[in-house]
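Working notes, beginning with the structure itself.
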Amino acid sequence: MATATGTATNYLDLLSKLRTFLTTDATLVGLGQNWAELHTVSTPYTDSNGDTVEYETYLQAPGLSGTEAIFLNIQAYKNVVQDRYNFRMVGAIGYNSSSTFVNQPGQSPYVYSCLWNQSTPYWFIANGQRVIVIAKISTVYESFHLGKFLPYGSPGQYPYPVAVGGTSRIFSKRFSDATDDHRAFFSPCSLQVYQVDGTWQEFINQTLTGGSIAPRHVWPFSYEGSGTFLTWLAADQDGGYPLLPCILNMSLPSPNLLGELDGVYFVPGYSQSSESVITISSVNYEVFQNVFRTGAADYMAVKMA
């Protein structure tokens, strides 16, 4: 596991620092888990939405063994008139040098992270199979997850357990948006998960029309408008906090528990705040909120070592 914290000058510098971290960090290199950058596009162009794409990076993670191939791509784009500076992200099952960002092999639907063009404190947490990024934008915490989760099955049973999640499924969202379509990857409005049948399925923690629960979601996080689910859970009697694994739970197309997000946990929000640190058996876990939310069931703890 490797971590880095610091401050980027803007959203493009954040991407530059992330690329450098994933490919050259000494801890990742020492473990044989540093990522490869297969290709970049640095010439700006206008996309089909009228936004300006400023940079693209095509990344390959080596897995914990150092011999795997996990394909994850990031595109940085802006709309100056609307004051939007975002990342568009996808997972894929391969890389084709003759294809553009929108047409890589077996790629996922897009997910987005809503950033800005100003100074940005950040946290990077990575190993050979996944990276988690948290960026503080004004008073909200944007976050995204790219890479493998921990499947409830062997590599032969689930060879490519990849999850790609940001804070929106909509390209035009801005970091200031305070709707249910702006949620962190750990209690998502869009977490794209690759299935054993070769499809991508969307996991969401939004309450659907009519009050029903989405058929694919991340347990034990609550749903928008769902009341007091887990809000009663408080700190332990010794002052510590219980950490619960984030489990990918689905009822359609068939009931299944796919696995857990790697190093990500639900933590009670009782007397909690973002950037606080919980230490358990000499291991530090840093706490972050669900974008703008600070309720009792709106925090994750990320393992930092």
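Overview of values
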item: Residue in segment 125-173 that is surrounded by the most Cβ atoms within 10 Å (Cβ to Cβ), counting only those that are touching a Pro at 6+ places or on another chain (Cβ under 6 Å) and not in a loop (DSSP other than H, G, I, E, B); result: 165
item: Where a residue in segment 5-30 is more than 11 Å from residue 135 (Cα to Cα) and among the charged types (D, E, K, R) and its partner, wherever it lies, is surrounded by 17 or more Cβ atoms within 10 Å (Cβ to Cβ) and at pLDDT 95 or above, with Cβ under 6 Å and at least six apart; result: 17/8; 19/57; 25/2
item: Those residues of segment 241-273 which are among the acidic types (Asp, Glu) and on the phi > 0 side of the Ramachandran plot, in sequence order; result: none
item: Check on residue 296, aliphatic (A, V, I, L, M), modelled with pLDDT under 95 and within 20 Å of the chain's Cα centre (by Cα); result: no
item: Condition check for residue 105: surrounded by fewer than 18 Cβ atoms within 10 Å (Cβ to Cβ) and outside any strand (DSSP E or B); result: yes
item: Any hit, segment 34-45, residues being of a type in the set (S, T, N, Q), within 18 Å of the chain's Cα centre (by Cα) and surrounded by 16 or more Cβ atoms within 10 Å (Cβ to Cβ); result: no
item: Qualifying residue in segment 50-57 (condition: surrounded by fewer than 19 Cβ atoms within 10 Å (Cβ to Cβ), under 16 Å from residue 184 (Cβ atoms) and among the β-branched types (Val, Ile, Thr)); result: no
item: Odd one out for residue 63, checked against (1) out of contact with any helix residue (DSSP H, G or I) (no Cβ under 9 Å at 6 or more places or on another chain); (2) surrounded by fewer than 22 Cβ atoms within 10 Å (Cβ to Cβ); (3) part of a strand (DSSP E or B); result: (3)
item: Count of segment 243-279 residues which are assigned to a strand (DSSP E or B), of a type in the set (A, V, I, L, M, F, W, C) and surrounded by 14 or more Cβ atoms within 10 Å (Cβ to Cβ); result: 10
item: Where a residue in segment 245-258 is over 20 Å from residue 154 (Cβ atoms) and its partner, wherever it lies, is of a type in the set (Asp, Glu), with Cβ under 8 Å and at least six apart; result: 246/260
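The values are calculated or read from the model by the stated rules, or taken from the named source; none is laboratory data. Here the structure is a predicted model, which is why all the values come from computation and not from measurement. So basically every Cβ, Gly included, is an ideal-geometry build from the backbone, and we count neighbours across all protein chains shown.
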